[in-house]
Amino acid sequence: MATEQHITYCRICEALCGLVATVEDGRLQSLRPDPDNPLSRGRACPKGIAFTDIQNDPDRVLTPLRRRADGTFAPVSWDDALDDIAARLKRIIAEHGGGAVGQYFGNPIAFGFATGVWSGMFLSRIGGHHQYSSASQDISARFVASKLLYGAASQVPFPDLARTDFLFMLGANPLVSHGSAVRTPRVRDDLAAITGRGGRIVVVDPRRTETARAYEHLPVRPDSDAWLLLSMLHVIFAEDLADTAALDAETTGWRTLRDVVRPFSPEATASRTGVAADTVRTVTRDFASAPSAVAYGRTGACLGRHGTLVSFLLDALNAVTGNLDRAGGMLFAEAVVPLEDIAEKSGQMTYDSARSRVGNLPEVISTYPAAVMAEEIITPGPGQLRAMFITAGNPVLTIPNGAMLEKALQELDLLVSLDLYVNETNQYADYVLPATTFLERYDMPYSLANCSPTVSIQAAEPVLAPYGEARNEWEVFDELARRMGLSLFATGGLQRFNGILHWLDRRGIGRLTPRRLVETLLRIGPYGDRFGLRRNGINPKKLRENPHGIVLAEHAPTGLRTTAVKHPAARVALAPPQIVEEVGRLGERHPDDPDFPLMVIGMREIRSQNSWMHNSPTLMKGERRHRARVNPADAEAANLADGDAVRVTSPFGSIETEVQITDEVGPGTVAIPHGWGHRGGWQRANSAGGANVNELMSNDADDLERLAGMSVLNGVAARLERVDDGARLTAP
Ligand SMILES: Nc1nc2c(c(=O)[nH]1)N[C@H]1C(S)=C(S)[C@@H](COP(=O)(O)OP(=O)(O)OC[C@H]3O[C@@H](n4cnc5c(=O)[nH]c(N)nc54)[C@H](O)[C@@H]3O)O[C@H]1N2
Ligand SMILES: Nc1nc2c(c(=O)[nH]1)N[C@H]1C(S)=C(S)[C@@H](COP(=O)(O)OP(=O)(O)OC[C@H]3O[C@@H](n4cnc5c(=O)[nH]c(N)nc54)[C@H](O)[C@@H]3O)O[C@H]1N2
Ligand code: SF4
Ligand SMILES: [Mo]
């Protein structure tokens with residue numbers, strides 16, 4: 001038997017921890033943390049290690065599957081599948097135009113550069129624009145805030161954890177999530193180092209999370225962050241804590257911002273936020289007077305009714321206190337592999353350049369809110385969505401009102417999914433095509449990987465040949481195009497990556513593979529060897545010689561504002577009209593319904609990854625069940641004991657799950673994980689029980705966050721009832 005060790009990195013979440021894979025006769029035996037990875041240095045989380053279960057899962061789809069009339073799947077050859085899909089697509093396009101074809105891509109796409117680029121090129125080549133993704137349940141608000149502030153939707157500034165004296169963290173739980181929009185594989189150490197050197201960490205969260213418990217917890221009522229941040233800005237201007245000379249030189253609109261925040265004194269917002277006025281004043285003064293400080297937010301900042309505004313205000317707080325683009329503050333991301341930079345320069349990173357047919361919501365980097373997908377399918381008329389690709393996604397469990405999407409998907413003329421499993425979404429597909437796992441493909445980190453306080457790069461060669469008949473997603477789109485008689489690299493059309501392709505074309509690079517694309521970008525990027533012009537620059541050879549990864553700079557650079565900010569004179573816009581209007585609309589849609597006195601928020605667990613790792617025996621060991629976290633007072637009011645079955649009802653839907661009584665959440669708040677309630681082709685996951693929390697959420701276009709079309713998944717009004725006797729036990 002041939003046993004080999006391969007160096008690679010995990011691509012389940014943004015930490016991208018180094019892994020060592022033991023492979024025997026072409027089969028994965030185990031994964032362990034790579035002690036020589038310069039960033040993760042021998043650390044990985046349970047999910048990374050347990051990926052062996054996914055790689056070797058008997059429930060994994062390893063051959064193309066075609067749906068039969070009775071709804072079951074039968075294996076089919078790649079040739080038959082691709083021929084039939086190509087022929088059906090051509091018919092649909094001939095009859096209804098390319099605009100009838102769309103795609104949804106899920107979260108795992110973010111960890112490999114090829115799939116997003118190739119599927120995007122395919123869609124634009126056929127004239128499709130119905131593009132949806134997990135971003136509207138995750139981070140689109142952040143992109144829009146960046147577009148407004150910096151004129152660059154792809155710019156995601158990140159906290160300089162290694163040097164900050166004050167981390168103000170809002171709606172993030174990195175001790176569980178391992179960091180998002182900041183790459184920090186050793187986050188426990190990175191946070192401990194802040195307080196270790198005398199700094200502070202304040203965690204703004206309705207739940208006393210793992211991270212909040214370890215540091216200073218500032219409890220806040222769900223979905224009230226906009227008021228809290230407006231009050232902090234109020235204090236800064238009212239108490240002259242802003243560096244106005246710098247604001248004059250580097251920003252526009254700060255005086256307008258000062259006027260906008262004036263009515264939001266801490267006293268005026270305390271009843272909304274649940275944070276005492278004194279506390280707001282003290283924390284603001286401390287933040288403003290710290291040698292360096294940074295305000296950072298993640299999904300808890302993005303998934304309320306004002307996600308774009310909250311994301312915007314966090315950066316504004318950094319800017320007005322002089323903490324933007326400076327050591328220990330918020331740093332601009334500079335890509336090692338400048339894919340988005342080129343797209344940004346060629347005008348592809350758009351916002352509101354078009355509106356959705358249903359709901360009139362803005363496009364955000366060429367994607368529309370996934371919440372309107374179902375209605376786009378069932379609403380007749382020009383531009384109706386009739387054929388879809390779903391790649392690495394499970395929207396039936398991860399977007400609002402999966403039940404409606406589930407029905408709508410069955411109305412499509414063609415549904416094709418590329419995935420590792422038959423999940424709750426693609427069980428309705430005409431074809432489920434087996435995709436490779438990250439261990440079966442070549443990759444290099446890009447995109448959010450650039451949000452890294454230490455600049456580094458690592459390339460991963462495939463560790464394994466694809467199991468069964470699995471194929472790389474990009475090859476599937478390439479092959480489909482070929483069978484449809486299309487060239488993905490033809491000029492013309494509204495290609496998302498036209499700019500890059502033209503650019504490379506002019507340099508005579510020839511036919512593009514993902515490897516060619518990324519290696520070229522690496523070499524022309526800020527750390528690249530410029531094809532030999534820069535002697536110490538990096539190139540593919542150096543990456544192969546350093547499989548654990550290379551540190552390019554101990555600290556991410558500062559002084560990037562003049563290149564990162566695309567507004568005239570590189571000034572940060574602190575009072576764009578969209579934001580001023582949004583402040584004016586605050587509170588309009590906040591529920592105040594005595595029938596739904598509680599508010600549901602989301603949470604993540606260490607051994608779950610959204611909806612897709614509940615089939616791993618290792619991760620499901622022990623007492624793993626889906627539970628709603630309920631405060632003792634609310635439990636008592638609903639006559640609930642720990643472990644009881646509970647019905648949670650919102651104005652939009654109802655679920656039944658188990659209750660866990662804990663004062664981790666304050667009275668009035670119920671925290672429920674997403675990604676449960678399985679009924680796909682994953683046996684163990686199906687038997688785990690639980691419910692899909694997103695059945696409580698609204699997919700009505702009018703209920704979405706306005707500026708980015710974000711799904712509202714936090715702060716959703718609800719009530720609790722005991723399930724057993726069916727009677728409503730909450731006070732009438
Ligand atoms: N209520 C609530 N809902 C939420 C959230 C929340 O906080 N609260 N969070 C939201 C967020 S942040 C996100 S990112 C979304 C996630 O939403 P989605 O991306 O729609 O869902 P996932 O559960 O990540 O499903 C990923 C799918 O990709 C498959 N997969 C894994 N690796 C690969 C691969 O390499 N190739 C292919 N082709 N397939 C692969 C898995 O089998 C799985 O079916 O959920 C969102 N939904
Ligand atoms: N173990 C694990 N790790 C993951 C994932 C996973 O599913 N499991 N998913 C990955 C993905 S796709 C992402 S996007 C990242 C997300 O990374 P994070 O955003 O760091 O992860 P969460 O645990 O969802 O943290 C969000 C926090 O916001 C809080 N919150 C909810 N509502 C509000 C509110 O109104 N205001 C404030 N201030 N806080 C609020 C929640 O209580 C929660 O603690 O995690 C990634 N890492
Ligand atoms: S934190 Fe866990 S899931 Fe995320 S990259 Fe590291 S090992 Fe993988
Ligand atoms: Mo996410």
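The values are calculated or read from the model by the stated rules, or taken from the named source; none is laboratory data. Being a predicted model, the structure only gives us computed values, none of them experimental. FYI the Cβ positions are ideal-geometry reconstructions off the backbone, even for glycines, and counts take in every protein chain you see. These accessible areas exclude ligands, DNA and RNA; they are computed on the full protein's heavy atoms, side chains included. Shrake-Rupley method; radii C 1.70, N 1.55, O 1.52, S 1.80 Å.
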Taking placed amide H atoms and a strict 5 Å upper bound, the residues 5 or more places from VAL156 or on another chain that come that close are ALA333
Near-label residues of the range 392-408 by backbone N, under 14 Å of a point 7 Å along Cα→Cβ of GLN683 | none
Would you please classify the overall shape of the range 377-443 from the alpha carbon gyration tensor, given that a ≥ b ≥ c denote the square roots of the eigenvalues, rounded means a/c under 1.5, and beyond that prolate means a/b larger than b/c while oblate covers the rest?
-> prolate
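Using a probe of 1.4 angstrom, how much of the accessible area of the range 119-188 is carbon and sulfur, in percent?
Numbers: 590 of 1210 Å².
On the range 119-188, the fraction of accessible area on carbon and sulfur atoms equals 49 percent.
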Which of the aspartates and glutamates could a cross-linker bridge to LYS47, judged by Cα under 16 Å and excluding same-chain residues fewer than eight apart?
-> GLU14, ASP34, ASP57, GLU605
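Among residues other than ALA327 whose Cβ falls under 9 Å from its Cβ, what is the net charge (Lys/Arg +1, Asp/Glu -1)? Please report the intermediate quantities before stating the final value.
Details: positive: ARG163, ARG326; negative: ASP160.
Summing Lys and Arg as +1 and Asp and Glu as -1 gives +1.
Could you sort SER452, SER177 by accessible area so the largest value comes first, with the probe set to 1.4 Å?
Details: SER452 5, SER177 35 Å².
Of SER452, SER177, the descending order of accessible area is SER177, SER452.
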Rounded accessible area of TYR215 (nearest 10 Å², 1.4 Å probe) | 50 Å²
Answer in debye to the nearest 20: the dipole magnitude of the range 617-730 about its Cα centre, from +1 Lys/Arg and -1 Asp/Glu charges placed on Cβ, is 480 debye
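What does the net charge come to around PRO466 if you take all other residues with beta carbon closer than 13 Å to its beta carbon, with K and R at +1 and D and E at -1?
Values: positive: ARG27, ARG60, ARG441, ARG471; negative: GLU440, GLU469, GLU473, GLU475.
Summing Lys/Arg as +1 and Asp/Glu as -1 gives 0.
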Could you give the radius of gyration (one decimal) and Dmax (whole number) of the Cα atoms in the range 1-105, in Å?
-> 20.2, 57
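Accessible area per residue for the range 236-383 in Å², computed with a 1.4 Å probe and the full protein assembly in place, what is it? List each step's numbers first, then the result.
Numbers: 4990 Å² over 148 residues.
For the range 236-383, the solvent-accessible area averages 34 Å² per residue.
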Ellipticity estimate at 222 nm from DSSP helix runs (n ≥ 4, -39,500 (n - 2.57)) divided over the chain, nearest 500 = -8500 deg cm²/dmol
Using a 1.4 Å probe on heavy atoms of the protein chains only, the accessible area for TRP227 in Å², nearest 10, reads 20 Å²
Dipole check, the range 330-428, charges on Cβ (K,R +1; D,E -1), about Cα centroid: among VAL422, GLY347, ALA371 the Cα furthest to the positive pole belongs to ALA371
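Just how large is the dipole of the range 288-385 about the Cα centre, in debye to the nearest 20, putting +1 at every Lys and Arg Cβ and -1 at every Asp and Glu Cβ? Let's see the in-between values first.
Working: 6 positive and 10 negative charges, 54 e Å.
So the magnitude is around 260 debye.
Can you say what percent of the DSSP beta bridges in the chain, counting only those with both residues inside, are antiparallel? Round to 5. If you can, show how the numbers build up before the last one.
Values: 42 of 85 bridges.
In the chain, approximately 50 percent of DSSP beta bridges are antiparallel ones.
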Estimated Rh, the chain: Kirkwood, alpha-carbon pairs, angstrom | 26.2 Å
Whole Å is fine, so just give me how far the alpha carbon centre of the range 593-610 lies from that of the range 456-490.
-> 37 Å
Grab the other residues whose beta carbon is less than 14 angstrom from that of THR209, score K and R as +1, D and E as -1, and report the net.
-> +1
Vicinal HN-Hα couplings computed from phi for the range 649-657 (Karplus, 6.51 cos²θ - 1.76 cosθ + 1.60; Hz; Gly/Pro x) = 10, 10, x, 10, x, 8, 9, 10, 8
Straight-distance crosslink candidates among aspartates and glutamates, where the alpha carbon sits under 12 Å from LYS621 and sequence neighbours closer than 8 are dropped = none
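So what is the accessible area of the range 173-216 per residue, in Å², with the probe set to 1.4 Å? Intermediate values should be presented prior to the final figure.
Details: 1470 Å² over 44 residues.
About 33 Å² of surface per residue is accessible.
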Determine the gain in length on full extension of the stretch THR282-ARG88; use 0.36 nm per residue of separation and subtract their C-alpha separation, reporting nm with one decimal.
-> 63.5 nm
Accessible surface, 1.4 Å probe, highest first, among residues PHE143, PHE489, PHE287 = PHE489, PHE143, PHE287
THR195 versus ALA569: modelled label distance in nm, points set 7 Å from Cα along the beta carbon direction | 4.4 nm
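If you take every DSSP beta bridge fully contained in the range 354-433, what fraction is antiparallel? Give it as a percent rounded to 5. Spell out each step's value before the answer.
Numbers: 2 of 10 bridges.
So the antiparallel bridges amount to about 20 percent of the total.
Calculate, for ALA465 and GLU636, the FRET efficiency according to 1/(1 + (r/R0)^6) with r their C-beta to C-beta distance and R0 56 Å; round to the nearest 0.05. Before the final figure, lay out the partial values.
On the way: r = 58 Å, r/R0 = 1.03.
Computed FRET efficiency for ALA465 and GLU636: 0.45.
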Under 5 Å between amide H atoms, partner at least 5 residues away or on a different chain: which partners does ILE538 have, H built in plane at 1.01 Å?
-> GLY528, ASP529
Contact order relative to length for the chain, counting C-alpha pairs under 8 Å separated by 6 or more residues, stands in percent at 19 percent
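Which whole-number percentage describes the relative contact order of the range 8-91, with Cα contacts under 8 Å and a sequence gap of 6 or more? Walk me through the numbers before you get to the answer.
Numbers: 103 pairs, mean separation 14.0, N = 84.
Computed over the range 8-91, the figure is 17 percent.
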About its Cα centre, the chain carries a charge dipole, from +1 on Lys and Arg Cβ atoms and -1 on Asp and Glu Cβ atoms, whose size in debye to the nearest 20 is 1820 debye
Under 23 Å from the Cα of LYS345 - lysines, other chains or at least 8 residues apart | LYS147, LYS566
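Could you sort ILE109, ILE606 by their accessible area in this structure, using a 1.4 Å probe and putting the largest first? Spell out each step's value before the answer.
Working: ILE109 10, ILE606 65 Å².
These residues rank, largest area first, as ILE606, ILE109.
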Heavy atoms of TYR442: accessible area, 1.4 Å probe, square angstrom to 10 = 30 Å²
Expressed as a whole-number percentage, the relative contact order of the range 158-247 with C-alpha contacts under 8 angstrom and at least six residues apart is 24 percent
Give me the percent of DSSP beta bridges within the range 620-732 that run antiparallel, rounded to the nearest 5.
-> 75 percent
